[in-house]
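So the structure is just underneath, and the comments pick up after that.
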Amino acid sequence: MIRTRLLALALLPTLIVPPPIALAQKGDAAKAAAPLDGYSRVASDAERQWEEKFRALPVPDTIRENMRRLSARPHHVGSPYDKDNAEWMLAKFKEWGFDAQIENFYVLFPTPKERLVELIEPTKFTASLQEPAVAEDPTSNQTAEQLPTYNAYSADGDVTGPLVYVNYGTREDYEELDRLGISVKGAIVIARYGGAWRGIKPKVAAEHGAVGCIIYSDPANDGYGVADSYPNGAGRPKDGVQRGGVNDTTFPGDPLTPGVGATKDAKRLALKDTPIITKIPVLPISYADATPLLSAITGRVAPATWRGGLPITYHIGPGAAKVHLKMFSNWDTKTLYDVIARIPGSTEPDEWVIRGNHHDAWVNGASDPVSGISAELEEARSLGELVKQGWKPRRTIVYCAWDGEEPGTLGSTEWVETHVAELKQKAVMYLNSDGSGRGYLGVEGSHGLEHFINGVAADVTDPEKGISVLDRTRKREIAGGRGADRNESRSRPDLRIEALGDGSDYVSFQDFAGIPSLNLGFGGEDRGSEYHSIYDDFYWYTHFSDTEFVYGRALAQVAGSAVMRMADAELLPYNFANTADTIGTYVDEVKKLLKTEQDDIAEKNKEIDEGVFEATSDPKNPVAAPKREEMPPFLNFAPLENGETVLTESAQEYQKAAKAAQANGGAALDASSIDGVNKLLMQTERAFLRDAGLPDRNWFKHQIYAPGAYTGYGVKTLPAVREAIEQRKWSIADASTVTVGQVLIAESAAIKAATEKLKEVLPPAEASASK
């Protein structure tokens, strides 16, 4: 019924819509609404009505057909259908009136040449390393076009060693192994997916002396422990395998061209010199293949929290189990096809609002990424329809369909690296989506956009609950929160958004170019996982996820409304009060983190003194008891605290001036000099960058947000300080409180410059009121 109602709205006859100013003079409801941030009264009324018309245009059935087409065949990087999809989208963008082209890049993308996992002691077993077709699923049998199960950017290698189970393979798990007196030196480790990004598992294993790594999907996390097994349910079947890249976190993008676009004539590193290929070979397997391996391990029984969902006793080893692992790749250069489409701005064509989603997949990729790109395409079609009806965005809108995201955000990173100088001058916002399902709106991003996206989400109706997607998420936060978090969800005007780490195409925009970024998607109600397997296809998605595509429509409505609202604003609607508030919480967190680390060191030293840690005398696998650790020195947090104070003051002053600019119907916002303010505002996020980057990871320039060196997808806020404390690099931590404090001062100065410029635009009375 809901789908029928939405479809009926979308199929209303096309109306000839008058220009924005005339449109703004109609509709009592629009006039009664408070002006949108950054808009005069007249412009706000016009914008609201254009957005309402836009939100009636996306059609769920069109999103469904986009998905059917794009996911019809495997379309990984370098495949024929990857190129075919790009060319099809290019034609569609042109059909809708966009100025569109394909930009090519040339990247290193390894594919498997030889794979082997075999148990050679105490019994024999060879892993199948295959995902069988499912009779009910018509595209699961496209074997000739499917990439084999593997982890891209694994090192080549042929290794043999005892098998050791390491739980999730995180640094914390290896600390537990140290506590138990178990070494992985010379061993092959087997880790389950989860707990951290997959690339962390071989990285940490190699640091501890392992010679190979196997990663499997445990049914407790990713199978019948979550949902019935596919095709009876959405859970990963016993033979399902999660593919994925395992490239190191030093930088994203093409491994051979860090910091520059991978064009044909780009200078490239030798393969042996790139730091992001793993140090040891690694392969992913199913839990059907993992069961004989895990069953063969003897030795100590794993702690309770390490035990998965298989009907076995989980042992750690090392013991009788011995494994032979072989992985060799074809190290080829492949062509990427980024589709870039533009609607030119009518007033400020050199200010860009950028929207993106990737189109490549590990196999058919209906959920990841086609659910997102299908919605984005319907968004773009709807905006093209608005243009035909008279809408003219103030700023240029750039729609992007990225290639090569799955192996390591290749297409977006290479595009940003190629155009970074221009982007730093012109980019206003980057809005990303990826795979999307059904349920609650999830938002992550730059906190200067937190207030903005809350406002957009408040104007989009949940297709099943009849309330705004913002209110639905707020209800969940209140119901699931505790104490202060629950109270804040009730009382704080804006719901907090999480910071961005890694895992999709926003990373280069935010962390390398300093462009305010958002990532949007729906989820929380679709249980199970087909992730990165041959079963992520149209059949799975239409049976177990957003089966009516109404949340795909909601994604198009939220993202498209955000694009329009940012593109049309007279004054860029950034809110620095939310930024300052959030950074204040980060400063408090790193201070508490130091205390936690101090307590942990003291407790560990006490345990060492009491003989809690075990040493082994096994000559094949010796482990020495750990030594006492020095307590950390005093860290001076004053530079961070001072920077936070100054940032808060400048943010408050700007918000006063922005409020004053909207007085008297926002007449000041119509001044010809308002774009001078916007030019300064566009540089505020860039002020968070340092050319030197982060310690040991100079590609990452942003000093407030970065993916963790040992979390991958997971974000580290104030990363230079936080990670130095976590890794107990005390001299770096102490130096970083100073450099990050200086960045906060620089950000405050950038905001203040915009504030002073804005005050020049205000009439005397409003300028005085803003002080």
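The values are calculated or read from the model by the stated rules, or taken from the named source; none is laboratory data. Nothing here was measured: the structure is a model prediction, and the numbers come from that model. Because the Cβ atoms are built from the backbone with ideal geometry, glycine has one as well, and the counts that use them run over all protein chains shown. Accessible surface areas use protein heavy atoms only, side chains included; no ligands, DNA or RNA. Shrake-Rupley method; radii C 1.70, N 1.55, O 1.52, S 1.80 Å.
Using amide H atoms built in the peptide plane, which far-off residues or other-chain residues are under 5 Å from Ile190 H to H?
So Ile190 has HN proximity to Val164, Tyr165, Val166, Ile214.
Projecting each Cα onto the charge dipole of region 458-596 (Lys/Arg +1, Asp/Glu -1 at the beta carbon, about the Cα centre), which of Trp540, Val587, Ser529 comes out farthest on the positive side?
Most positive-ward Cα: Val587.
Where the centroid of each part is defined by its Cα atoms, how far is region 706-739 from region 437-459 in Å?
27 Å
Share of the chain's accessible area from carbon and sulfur, percent, 1.4 Å?
52 percent
Roll a 1.4 Å probe over the protein chains and send me the accessible area per residue for the chain in Å².
For the chain, the solvent-accessible area averages 37 Å² per residue.
Using modelled backbone amide H atoms (1.01 Å from N, in-plane), which distant-in-sequence or interchain residues come within less than 5 Å of Thr111's amide H?
Distant-sequence amide H within range of Thr111: Asn330, Asp332.
Could you tell me the distance between the Cα centroids of region 484-543 and region 380-407, to the nearest Å?
Rounded to whole Å, the Cα centres lie 21 Å apart.
Which residue, Gly308, Thr347, Trp331, has the largest displacement toward the positive end of the dipole of region 260-351 when charges sit on each Cβ (Lys, Arg +1; Asp, Glu -1)?
Ranked along the dipole, the leading option is Gly308.
Beyond 26 Å between alpha-carbons counts as too far, so tell me which of Lys124/Lys185; Lys334/Lys426; Lys627/Lys701; Lys185/Lys627; Lys201/Lys591 fall in that bin.
Beyond 26 Å: Lys334/Lys426; Lys627/Lys701; Lys201/Lys591.
How large is the helix-only mean residue ellipticity at 222 nm for the chain, computed as the sum of -39500 (n - 2.57) over DSSP H runs with n ≥ 4, divided by its residue count, in deg cm²/dmol to the nearest 500?
Taking each H run of at least 4 residues, the total per residue is -12500 deg cm²/dmol.
If you place +1 on the Cβ of every Lys and Arg and -1 on the Cβ of every Asp and Glu, how big does the dipole about the Cα centre of region 620-763 come out, in debye to the nearest 20?
The dipole of region 620-763 has a size of about 500 debye.
On a 0 to 90 degree scale, rounded to 10, what angle separates helix 80-95 from the longest Cα axis of the chain?
10 degrees
If one takes the longest principal axis of the Cα atoms in the chain, at what angle in degrees, from 0 to 90 and to the nearest 10, does the Cα axis of helix 410-426 lie?
30 degrees
Using modelled amide H (1.01 Å from N, peptide plane; none on Pro or chain starts), what sits under 5 Å from the amide H of Ser529, excluding residues fewer than 5 places away?
The list, which skips near neighbours in sequence, is Gly235, Arg236.
To the nearest 10 degrees, how steep is helix 41-55 against the longest Cα principal axis of the chain, on a 0 to 90 scale?
Between the helix axis and the principal axis of the chain, the angle is about 50 degrees.
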